[in-house]
Number of protein chains: 2
Amino acid sequence: MTTERRMPRQADIARIAGVSQAAVSVVLGGKQTIRMAEETRARILEVAEELGYVPHPVAKRLAHSRSNLLGLYTFRTAFPTNEADIYHPILSGVEAEAASLGQDLILFTGTSGPEARQETAIRRTRMADGCLFFGRQVPEAPVARLVETGFPLVYIGRRPELGGRIPYIGADYVTASAQVLERLLSLGHRNIRYVREPDEAPSSEDRLLGVLQAAPSTQVVRLDGPDLSADAVRSWLADGVTALVVEGTDTGTAYRAVRAAVDAAGLSVPGDLSLAVLGGPPGVSGFEVPMQEMGRHAVRLLIELITDKATTPQQLLWCPPVAGREVGPPRSTE
Amino acid sequence: MTTERRMPRQADIARIAGVSQAAVSVVLGGKQTIRMAEETRARILEVAEELGYVPHPVAKRLAHSRSNLLGLYTFRTAFPTNEADIYHPILSGVEAEAASLGQDLILFTGTSGPEARQETAIRRTRMADGCLFFGRQVPEAPVARLVETGFPLVYIGRRPELGGRIPYIGADYVTASAQVLERLLSLGHRNIRYVREPDEAPSSEDRLLGVLQAAPSTQVVRLDGPDLSADAVRSWLADGVTALVVEGTDTGTAYRAVRAAVDAAGLSVPGDLSLAVLGGPPGVSGFEVPMQEMGRHAVRLLIELITDKATTPQQLLWCPPVAGREVGPPRSTE
DNA sequence: TCAAGATGCTAATACGCATTAGTCGCCGCT
DNA sequence: AGCGGCGACTAATGCGTATTAGCATCTTGA
């Protein structure tokens, strides 16, 4: 036996309190710019309380164009069944920051499907005040449309596309990578090998840049699959290599491959060989990608864009170095 | 140099195509009840495509239609930093089903904060076409309001509150628990002890009901903290107990406590003692709570409620039994 | 030839709120 | 007396869509 009565609206309050709907809006909206007799204000508040008035969020949004909703476009599922979820910390940061700023989040589904579905999902993006985009993909046409119409969006991860007009929060891989190499150099390593993932991406280029900047003589090897043979590692060692630096990514495949090969070759780390990862699992020598912080900053930047207060729409965050146990002085080759 | 053009609306399409806004709405809305010349319809669609028209979801929703947005109210953070996240599989199911039904999700933030904030968050719930609620908490007043005004909502987990008017998707703990006990009985166990969590909840009562239904002579013990002593377990064994059944919950504290105590007592499982959990970690003897399925069903039920097609607004799902390695025949006490 | 019905569309309005541009009465001042 | 100004409010409008009632115009059939 549902009562099925309507929710009270401002008009109801107005009728009972004997004022206009506008008066109700003014009082409940807490506007100080408009004067209202203390008595009337009190009466309105009283009636509102009595009726259990709750502003209708949709109407509110339609009227003043802010919904306090931020979009989340993940290009994949936001709650993957897969345990090792690299985005999780970012999302966690996003949620925390959004909560503290009073913003709710819209999760767009169908972002991982075929291109046609993806595109309709990108359109739906507009129902939020602005949208966060995750990951490496940039569907140029639809994203360009968003950017051009001034729709606030922030990518997580550096994006040079569209002539550099895409706002983003990235990590400063160049500096962080350079620092890792500098540390190796200062420990005495002179023959260092850098192992890249097969994949290309700005974050990948940035790491390489940092590596070569700090240690131009570094030899670069590109993995062509998810595996690396123990023999390959042995031959590097024979060439005098004393340290391996591995690209770290979402999937961490390169690190796993290298680690497996090194173990298979029966080498001790860092006794026989130092090993560093550029943005790897927590605790491993190299540096850490500040995931949570990226999420938080992305939300802050997005809000700035929404409120037209953005100062720097493209920011790179500092990655804290990790000493770890995988790096040590080179084995004396004498 | 942003173009800063407004998003096109129906009125823009109407002007260009030389028809009324209503005509545009009719055509784009796919209404068959209203006749429209094939030519006009084509023209409108063409213009819409050209302008890249996207319906304004908020306006759509205000105008008594659907926005294809489902709310998610978690009473805690949706992306906890904590690794062991019991809700994750549910959320994963929700997301998958929502995606396949073309629904996006709104994550309400601030749902774990102080009561006042929680209440404003519950209000915001109306932004969506309907909302999923997670967990044990039922803030009676605001939820009653939602239910009474006919706002579609579905709880995940059985909820007897509000005179049983809350729609939910739960798990059939009674049957599942009874089956576990029946198995123990059929293996020959006669002296069984049931270990409950300190906490009370419908799901907790259900399990107890099932236990006593299948094996009325079962002794019930209630934990009063997160720990259990090895001595307690030893004394049970001395009393002739051959099997322990443990309540399983979100946190899994009871199971961990019992497992620790049994190990500390130096007992082998199931050699000395059989051990079963009512809804525990995957693979452990007892039964499994179909998390993913609950998520999926909840979404389906919510959609049914939204479209007024709900047949059974309260459903309990079957929990698959898990044989596992922790249950065996009782030790011959001769 | 004219009523009845079909066809193709539009005008008007609702949804619930925020906001802007007033309106109205009254007081103080010259 | 007349004017400015202020305090306290309201009327009107917009936000972008969906829906309903209804209006021309065109076919038909008798």
Scoring only Lys, Arg, Asp and Glu (+1, +1, -1, -1) among other residues with Cβ under 11 Å from the Cβ of A:Ser25 yields +3
With no solvent and one point on each alpha carbon, what is the Debye value of log10 I(q)/I(0) for region A:38-188 at q = 0.16 Å⁻¹? -0.97
Place the peptides B:124-131, A:14-21, A:165-172, A:31-38 in order of packing, highest mean first, counting for every residue the other Cβ atoms within 10 Å and averaging per peptide. B:124-131, A:165-172, A:14-21, A:31-38
Lys and Arg at +1, Asp and Glu at -1: add these up for the other residues within a Cβ distance under 13 Å of A:Val246 and post the number. +3
Summing -39500 (n - 2.57) over every DSSP H run of at least 4 in chain B, dividing by its residue total and rounding to the nearest 500, the 222 nm mean residue ellipticity is -12500 deg cm²/dmol
Which peptide among B:98-110, B:225-237 comes first, and what is the full order, when sorted by highest mean count of other Cβ atoms within 10 Å? B:98-110, B:225-237
Log entry: pair-distance distribution for region A:202-246, C-alpha pairs binned every 5 Å from zero, whole % per bin is 5, 16, 26, 24, 18, 10, 1
Selection from B:His297, B:Tyr173, B:Val24, by position along the positive dipole direction of the protein assembly as shown (Cβ): B:Val24
Please report the equivalent ellipsoid semi-axes of region A:220-334, computed as sqrt(5 x eigenvalue) of the Cα gyration tensor, largest first, in whole Å. 37, 15, 11
Unit charges on C-beta of K, R, D, E only; dipole of region A:173-288, Debye: 360 debye
For region A:54-115, state which GluC sites (Glu not before Pro) are in a DSSP loop and have at most 15 other beta carbons lying within 10 Å of their beta carbon. A:Glu83
Mean projected area (nm²) from the convex hull of Cα positions in the protein assembly as shown is 39.5 nm²
Taking region B:279-334 as the region of interest, what is the percent of Cα-Cα pairs per 10 angstrom bin, listed from the shortest bin to the one with the maximum distance? 21, 31, 22, 15, 8, 3, 0
Could you tell me which residue out of A:Phe79, A:Thr120, A:Gly93 lies farthest along the dipole of region A:23-151 toward its positive end? Charges go on the beta carbon: Lys and Arg +1, Asp and Glu -1, centred on the Cα centre. A:Thr120
Please report, for the Cα atoms of chain B, the Rg to one decimal and the Dmax as a whole number; what are they, in angstrom? 26.6, 95
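Using the reciprocal of the averaged 1/r over all distinct C-alpha pairs, how large is the Kirkwood radius of region B:115-207 in Å?
15.6 Å
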Which distances, in nm and shortest first, link the A:Gly225 label point to the same label point in every other copy, taking 7 Å along Cα→Cβ? 5.7
Closest approach to the A-B rotation axis by any Cβ of A: residue and distance in angstrom? A:Leu62, 2
List the equivalent ellipsoid semi-axes of region A:10-55 in whole Å, largest first, each obtained as the square root of 5λ for an eigenvalue λ of the Cα gyration tensor. 15, 11, 10
Charge tally for neighbours of A:Asn191 with beta carbon under 12 Å away, counting Lys, Arg as +1 and Asp, Glu as -1, is +2
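Taking 8 Å as the Cα distance limit and 6 or more residues as the minimum spacing, I'd like the relative contact order of region B:173-288 as a percentage.
The normalised contact order for region B:173-288 reaches 30 percent.
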Let me check against my output: what whole-number percent is the relative contact order of region B:10-55, with C-alpha pairs under 8 Å and at least 6 apart? 43 percent
Over all residues in A:105-113, what is the mean tally of Cβ atoms on other chains that come within 10 Å of each residue's Cβ? 6
For the charge dipole of chain A, defined by +1 on Lys and Arg C-beta atoms and -1 on Asp and Glu C-beta atoms about the Cα centroid, which residue among A:Leu146, A:Val54, A:Ile34 has the Cα displaced farthest towards the positive pole? A:Ile34
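In debye, nearest 20: dipole of chain A around its Cα centre with unit charges on the Cβ of K, R (+) and D, E (-)?
Working: 35 positive and 39 negative charges, 223 e Å.
The dipole of chain A has a size of about 1060 debye.
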What is the distance in Å between the Cα centroid of region A:221-284 and that of region B:181-208? 51 Å
What's log10 of I(q)/I(0) for region B:173-288 at q = 0.14 Å⁻¹, Debye sum over Cα points only, no solvent? -0.48
Mind putting a number on the dipole of region A:10-55 about its Cα centre? Charges go on the C-beta only, +1 for Lys and Arg and -1 for Asp and Glu, and I need it in Debye to the nearest 20. 220 debye
Suppose a student asked you for the relative contact order of chain A, using Cα pairs under 8 Å spaced at least 6 residues apart; what percent would you report? 17 percent
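Taken together, the values in this text are just the output of simple stated rules run on the coordinates, not laboratory data. A quick note: this is a predicted structure, and the numbers were derived from the prediction, not measured. So basically every Cβ, Gly included, is an ideal-geometry build from the backbone, and we count neighbours across all protein chains shown.
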